[in-house]
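Each remark here refers to the structure printed beneath this line.
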């Protein structure tokens, strides 16, 4: 009888430990996913900001070139 009780207790402890490991693993995966999402969002914002800066710089350069061309009579 005592042996059966110890086996049951051992099984319960093992099941509880496995559940704890499974829960911890799921929580770690959730944190990793959140970090990945945050990193992707940051990269998307950086890319967008960089593209906007490039577009503005190109427009300013084009406007400047156009202004010089008009002053020199090369463009109307």
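The values are calculated or read from the model by the stated rules, or taken from the named source; none is laboratory data. As the structure is a prediction and not an experimental result, all values here were calculated from the model. Backbone-built Cβ (ideal geometry, glycine too); neighbour counts: all protein chains shown.
Does residue 59 meet the test of being at pLDDT below 95 and touching a helix residue (DSSP H, G or I) at 6+ places or on another chain (Cβ under 8 Å)?
Details: at pLDDT below 95: yes; touching a helix residue (DSSP H, G or I) at 6+ places or on another chain (Cβ under 8 Å): no.
In short, no.
From the list 4, 41, exactly one residue is surrounded by fewer than 10 Cβ atoms within 10 Å (Cβ to Cβ) and in a helix (DSSP H, G or I). Which is it?
Working: 41 fails: surrounded by fewer than 10 Cβ atoms within 10 Å (Cβ to Cβ).
After ruling out the rest, the residue left standing is 4.
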